[in-house]
Structure formats: structure tokens, C-alpha cells
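Since the structure comes first, as C-alpha cells, the remarks are kept for the end.
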Amino acid sequence: MLMAADMNRQGGMLLIEALVAILIFSIGILGLVGLQARAVAMSTDAKQRADAAILANQLIGRLAIASPASAAGFAHRPGGNAACAPSGAESSDSTVTEWLTEVEASLPGADKSRQQVVIDTATGVVVVTLCWQPPDGKFHRHVVTTQMQWQSS
């Protein structure tokens with residue numbers, strides 16, 4: 001009889017050990033899933049920032065080959081200092097409107113009213129600010145400032 005009671009206790013201990021092992025394994029798997037989700041989010045953020053840098057550089061490149069006389073027409077919502085809420089007139093230049101369409105297509109929540117292009121024709125300083133809002137709800141901004149050296153024709 002004593003042997004049967006010992007075997008029952010050992011069987012109960014084996015069950016407890018198995019449950020603890022499953023618990024530890026489950027916690028490890030949940031940790032890996034969380035880590036993978038964070039890696040995907042960080043990768044998406046990095047891609048969006050790279051896309052914003054490329055888009056800003058594209059506009060600056062287009063501005064560099066434009067006529068100095070038409071440079072002021074590239075300005076888009078040049079007023080205001082509030083983050084992602086610029087004010088002022090929207091650009092009617094076809095190069096800028098095409099670029100704004102590219103921005104809206106490339107970045108999530110990148111409405112054209114949130115983008116800003118400020119051009120100081122006297123000094124040649126150009127500031128391009130891109131703003132977008134990914135699904136996490138926080139606004140992201142990328143600002144590129146450059147000094148243009150237009151050639152007289």
C-alpha cells in the first residue's frame with residue numbers, strides 16, 4: 001500500500017512539473033512575440049523616416065534645377081511655427097503639387113496641409129518639413145534645411 005501512495009504523489013509531482021514547464025515556455029513565447037512586434041514597429045518607423053528624407057531631398061533637387069525666378073512659387077504653407085500645423089498659402093506650382101501627392105501616397109497620415117516648404121529667396125535658405133501620423137497616433141516630423149546656390153542664367 002505504501003508503494004501505491006508514493007506513486008500517486010510522484011504522479012502528482014510530475015503533473016506539477018509539466019504545468020510549470022508549460023508556464024515557463026508560454027512566458028518565453030509571449031516574450032518573443034512581443035519582441036517581434038516591437039521589431040516590426042521599429043522597422044516600419046525607420047522606413048517612414050527614410051522615405052521622408054528621400055522625399056525632402058527630391059523636392060530640394062527639383063528646386064535646385066528650377067529657375068531662381070520661380071523659386072518663391074515652391075513655398076508651401078510657409079507661415080507658423082507650430083509642429084505639423086503650418087499656416088499660409090498652399091503652393092500652386094505643379095512640381096510642388098506633384099511632390100505633395102507623392103508625400104501623401106508614401107507616408108501614413110501625411111496630409112498636404114501638414115507639409116511645409118519655406119524659401120528665403122534673399123539668403124537661399126530652404127526648409128522642408130514633412131509631417132505624418134502613423135497608426136500609433138503620434139505625429140512624426142522630418143526637417144531638412146539647406147542653402148541653395150542658384151546659378152544665374
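Since every read-out is calculated from the coordinates, none of them should be taken as a lab result. All figures in this text were calculated on a predicted structure; none of them were measured in a lab. Backbone-built Cβ (ideal geometry, glycine too); neighbour counts: all protein chains shown.
List of remarks:
- A cut-off under 12 angstrom between Cβ atoms defines the neighbours of residue 86, and their net charge, with Lys, Arg +1 and Asp, Glu -1, is +2.
- Coordinate range along principal axes, alpha carbons of region 2-147, Å, largest first: 102, 25, 24
- FRET efficiency for residue 70 and residue 47, using Cβ-Cβ distance with R0 set to 25 Å, rounded to 0.05: 0.15
- Converting phi to 3J(HN,Hα) with the Karplus coefficients 6.51, -1.76 and 1.60 and the offset θ = phi - 60°, region 27-42 yields 4, x, 5, 4, x, 5, 5, x, 5, 5, 4, 5, 5, 5, 4, 5 Hz in sequence order, with x at every glycine or proline.
- Values of log10 I(q)/I(0) for region 38-105 across q = 0.26 Å⁻¹ run -1.21, by the Debye formula with one identical scatterer at each alpha carbon and no solvent.
- Percent of Cα pairs in region 76-153 per distance bin of 5 Å, from zero to the largest separation: 3, 15, 24, 25, 18, 9, 4, 2, 0, 0.
- Rounded to the nearest 20 debye, the dipole magnitude of region 64-153 is 220 debye, with +1 charges on Lys and Arg beta carbons, -1 on Asp and Glu beta carbons, and the Cα centre as origin.
- Shown is the FRET efficiency for residue 92 and residue 35, computed with R0 = 30 Å from the Cβ-Cβ distance and rounded to the nearest 0.05: 0.05.
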